[in-house]
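The values are calculated or read from the model by the stated rules, or taken from the named source; none is laboratory data. Computed from a predicted model, the values in this text were never measured in an experiment. With ideal geometry, Cβ positions are generated from the backbone for all residues, glycine too; neighbour counts draw on all protein chains shown.
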Amino acid sequence: MHGMASLTMSCFCAASSPPPESSLVDTLPLPRTTPSSTITMYAFALVNLLLAASAIAIPTSAERRTMRDAKRASGRSSQPLMSIEQAAADVVKTGGQTQETYSTNWAGAIWSKPANTITAVTGTFTVPTASGSGSASAWVGIDGASCSSAILQTGVDFNSDGSYDSWYEWFPAGAVDFDGLTINSGDVIKLTVTATSTTAGSAVIENTTSGQKVNQALTSSSALCEQDAEWIVEDFEENGGLVPFANFGTVTFSDASATTPSGSLSPAGASISDIQQNGQTLTQTTISGNDVTIKHT
């Protein structure tokens, strides 16, 4: 703007008192016949274009993260299993052991045992690349299926904009993001939750690819039943509604197990839940030994 103002003034002076012809080439920045009002008009037009360009500029990755953090802080939350009632003919058995059920939000493997049975759950998966729109989340947890009053869980959200969020949660409180953990597509992530009592425990996420690890001790007045163990891909809630469910490809929890008083419990034989929304089945879950595979269909 300072340069433009100087230009206008030079031309005004040239119009009112022309310099000697011998110095025209050295001193005249614009043709002498250009009126100063025209130059001023061009200057204002250029300023307006610059302001318009800055208004529609694409946000930087840091700005997108700030906006996403603010949105998550206003209400990102997992929810208990939201089952869909099925007719008897729609309930199938896999391998004669595993019962298939459907929900609007959970896909994966679920063990339901008597109270005070499940004290830890762990599983490892490779971070996918989400596509389409929205998000999805992979997590392990204690309770939330047959016991819906509390859930101790930890996991990773994969977002269709290419970003990832690692978090922990003791439902009904909302999710809280971990700091200091970088996650990229293809990283191998180990998730573990441990209940040291029905009202205390911990959530651990380890990026075995980078060597980074975060750990959060937790307490809650919402007591666990310690009766459900889960390995889940979820369509989670934000601001009171399910987010658009991103296409995550395939997530496989390997080395999946739960800790019980009688020893380690694999997912083999656990119930399967898949996600149905608007009459469409969006996932397909299979269990093989200590592996739980969830595919977006």
Notebook entry, point to check: Just to be sure, is SER266 in the same structural domain as LYS113 (by TED's automatic domain parsing) and within 20 Å of SER135 (Cβ to Cβ)?
Noted result: no
Check: Across region 179-212, what is the number of residues that are over 23 Å from THR126 (Cβ atoms) and of a type in the set (A, V, I, L, M, F, W, C)?
Finding: 2
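If you check GLY279 against the conditions, is it at pLDDT 95 or above and on the phi > 0 side of the Ramachandran plot?
no
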Note to self: All but one of (1) within 19 Å of the chain's Cα centre (by Cα); (2) among the basic types (Lys, Arg); (3) closer than 25 Å to SER221 by Cβ hold for LYS190; state the number of the condition that does not hold.
What the structure shows: (3)
Note to self: Looking at THR293, THR260, can you tell me which residue is within 21 Å of the chain's Cα centre (by Cα) and surrounded by fewer than 20 Cβ atoms within 10 Å (Cβ to Cβ)?
What the structure shows: THR293
Checklist line | Among residues of region 94-125, those that are at pLDDT below 95 and either among the aliphatic types (A, V, I, L, M) or touching a Gly at 6+ places or on another chain (Cβ under 9 Å) (or both), counted | finding: 3
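Would it be correct to say that ASP228 is closer than 15 Å to SER137 by Cβ and buried (at least 22 other Cβ atoms within 10 Å of the Cβ)? Walk me through how you get there before you give the answer.
Details: closer than 15 Å to SER137 by Cβ: no; buried (at least 22 other Cβ atoms within 10 Å of the Cβ): yes.
Taking the combined requirement at face value, the residue does not satisfy it.
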Margin query: Within region 168-186, take every residue that is in contact (Cβ under 8 Å) with a residue 60 or more places away in the chain and surrounded by 18 or more Cβ atoms within 10 Å (Cβ to Cβ) and give me the one that is nearest to SER77 (Cα to Cα).
Written below: ALA175
Notebook entry, point to check: Got at least one residue in region 122-135 being under 20 Å from SER103 (Cα atoms) and buried (at least 24 other Cβ atoms within 10 Å of the Cβ)?
Noted result: yes
Notebook entry, point to check: Taking region 223-264 as the search range and keeping residues that are in contact (Cβ under 8 Å) with a residue 60 or more places away in the chain, assigned to a loop (DSSP other than H, G, I, E, B) and out of contact with any strand residue (DSSP E or B) (no Cβ under 7 Å at 6 or more places or on another chain), which one is farthest from GLY180 (Cα to Cα)?
Noted result: PRO261
